[in-house]
Amino acid sequence: MLVIFDLDGTLLNTVADLAASTNHALECCGFPIHPVEAYNYFVGNGINKLFERALPENARTQENILRIREKFLPYYNLHKADLTKPYPGITELLDVLQQKNIKIAVASNKYQEGTAALMEKYFPRIRFSAVFGQREGIPVKPDPQIGHDILTQTGCSKQETLFVGDSAVDMQTAHNSGVISIGVTWGFRPRTELEAEQPDHIANTTDELLDIIWLQFQRIQKTNRL
């Protein structure tokens with residue numbers, strides 16, 4: 001069995017560091033900045049889309065996006081862990097899954113270097129079967145490519161795979177990948193956004209999430225015995 005997790009808004013609360021780094025880049029380039037809470041709706045589709053949303057509407061050119069990116073990356077690489085922290089219960093949840101020999105993977109629209117670095121820093125004890133962020137030449141979520149790549153790397157089937165995330169993009173990725181979708185309500189987006197995508201399950205806490213995963217684990221084991 002495999003559980004694929006989104007990163008931002010699902011495993012880690014990264015919004016304050018993303019906001020500070022994007023605001024730094026905006027200021028450097030002479031653009032207005034935004035309050036932290038605005039970034040809950042800017043993130044989720046990769047950093048270039050984040051920069052596009054953060055820029056004034058009349059300044060959303062490819063040239064300006066690349067200017068912001070140039071200022072953002074070195075600053076975020078230094079400050080990505082200033083305020084970021086795991087959501088309550090996440091570390092314990094991952095420990096339990098690992099003890100049960102359930103495979104764990106990460107599928108994020110954050111750039112690959114940042115994704116890998118955060119996993120190493122916050123979850124050093126977890127042996128992730130795959131950690132994929134935004135990679136050159138690979139379309140971002142909700143395109144199913146990232147899900148397919150993880151299934152290929154882990155050798156797991158769609159029927160034994162769960163996808164956990166906090167946004168519509170994650171639920172769409174799960175649907176597009178043909179795997180079981182679980183929305184979590186503690187992240188960046190409201191429950192109504194998840195409900196609109198009709199996920200297979202919604203969890204309000206990590207305890208609820210673990211119960212859902214365990215029921216699916218038992219279902220898969222029963223199916224495999226038949």
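The values are calculated or read from the model by the stated rules, or taken from the named source; none is laboratory data. All values derive from a computational prediction rather than experimental measurement. Cβ atoms come from the backbone with ideal geometry, glycine included; neighbour counts cover every protein chain shown. The protein model used for the area step is the full one, side chains on, heavy atoms only, and it has no ligands, DNA or RNA in it. Shrake-Rupley method; radii C 1.70, N 1.55, O 1.52, S 1.80 Å.
Of the residues examined, ALA105 is one that is part of a strand (DSSP E or B), open to solvent by less than 60 Å² (accessible area, probe 1.4 Å), modelled with pLDDT of 95 or more and aliphatic (A, V, I, L, M). Exactly one residue out of LEU97, LEU26, LEU78 is open to solvent by 10 Å² or more (accessible area, probe 1.4 Å) and over 16 Å from the mean Cα position of the chain (by Cα), and it is LEU78. Each residue in segment 112-133 was checked for being surrounded by fewer than 21 Cβ atoms within 10 Å (Cβ to Cβ) and of a type in the set (Phe, Trp, Tyr), and 2 pass. Count of segment 10-38 residues, restricted to those that are closer than 20 Å to ASN77 by Cβ and either outside any loop (DSSP other than H, G, I, E, B) or in contact (Cβ under 8 Å) with a residue 60 or more places away in the chain (or both), is 19.
Any idea which of LEU66, LEU73 is open to solvent by 60 Å² or more (accessible area, probe 1.4 Å) and either out of contact with any His (no Cβ under 7 Å at 6 or more places or on another chain) or not in a loop (DSSP other than H, G, I, E, B) (or both)?
Numbers: LEU73 fails: open to solvent by 60 Å² or more (accessible area, probe 1.4 Å).
None of the other options fit; the residue is LEU66.
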